[in-house]
Amino acid sequence: MKKWLYNLDDAIATSCLALIILLTGINVISRYVFNSPFAWMQEISLGLFIWTVFIGISSTMKRDGHVGVDYFVVKMPKSLRLISNIIRAIAIIFVLIYIFIVLGFDLINQSSNKLTSVLGINYQIIYLAIPLGGALTAFHFIRKFVCYFKQEFNKKGGK
């Protein structure tokens, strides 16, 4: 797999988070030292925060960092565990493709005339993080799920 594609979500989320920290720090200094905050920095920080969250989901997915309660799944026989993981995968893929990507693009289309109050940034730019994050997360999830299946079938074939 291309390294740039694998690291794209990390680069975007890290850049957004670094900008949030920088802009918030500048705005705090501006507010409390110079008594003159920048109103536009809050808008930018909010947009960057949305991008950090939705792209960060993908970054966490590729590292298996999401919290999961698998106590009962681990206790199941291997065949039931496999079926349980397939059902789980179908549910996750549905959420990623339909909720994040399809409905994310619907939200983008509905916000074509919506602008932020201070800078006039179109909300479509901000909301683009939802389907992009969903697509990147689906990519990493499917990649991991295929690896899981290969590993499971190699275990069966070897015994």
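The values are calculated or read from the model by the stated rules, or taken from the named source; none is laboratory data. All of these numbers come straight from a predicted model, not from anything done at the bench. With ideal geometry, Cβ positions are generated from the backbone for all residues, glycine too; neighbour counts draw on all protein chains shown.
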TODO: May I ask you to say which residue of ALA13, ALA18 is in a helix (DSSP H, G or I), at pLDDT 95 or above and farther than 20 Å from VAL146 by Cβ?
DONE: ALA18
Open item on the list: Just to verify a result, which residue in segment 100-124, among those that are modelled with pLDDT of 95 or more and of a type in the set (Val, Ile, Thr), is nearest to GLY56 (Cα to Cα)?
Closed with: ILE101
Task: Unique residue being of a type in the set (Gly, Ala, Ser) and farther than 23 Å from ILE126 by Cβ when the list is ALA18, ALA91, ALA11, ALA39 - done: ALA91
- [ ] Check segment 62-71 and report whether any residue there is touching a residue at least 60 places away in the same chain (Cβ under 8 Å) and either within 30 Å of ILE83 (Cβ to Cβ) or under 22 Å from the mean Cα position of the chain (by Cα) (or both).
- [x] yes
Open item on the list: Restricting to segment 103-159, and then to whatever is β-branched (Val, Ile, Thr), assigned to a helix (DSSP H, G or I) and over 15 Å from the mean Cα position of the chain (by Cα), can you tell me which residue is nearest to PHE38 (Cα to Cα)?
Closed with: ILE125
- [ ] From the list ILE55, ILE50, pick out the single residue that is touching a residue at least 40 places away in the same chain (Cβ under 8 Å), among the β-branched types (Val, Ile, Thr) and more than 23 Å from VAL146 (Cα to Cα).
- [x] ILE50
Task: Residues located in segment 25-56, provided they are surrounded by fewer than 14 Cβ atoms within 10 Å (Cβ to Cβ) and in a helix (DSSP H, G or I) - done: GLY25, ILE26, VAL28, ILE29, ARG31, TYR32, ALA39, LEU46
- [ ] Being in a helix (DSSP H, G or I) and either in contact with a helix residue (DSSP H, G or I) (Cβ under 6 Å, 6 or more places away or on another chain) or at pLDDT 85 or above (or both) is the filter; apply it to segment 57-78 and report the residue that is surrounded by the most Cβ atoms within 10 Å (Cβ to Cβ).
- [x] SER58
Task: Breaking point among (1) modelled with pLDDT of 90 or more; (2) within 23 Å of ASN154 (Cβ to Cβ), for ARG81 - done: (1)
- [ ] State yes or no: is GLY120 at positive phi and not charged (D, E, K, R)?
- [x] yes
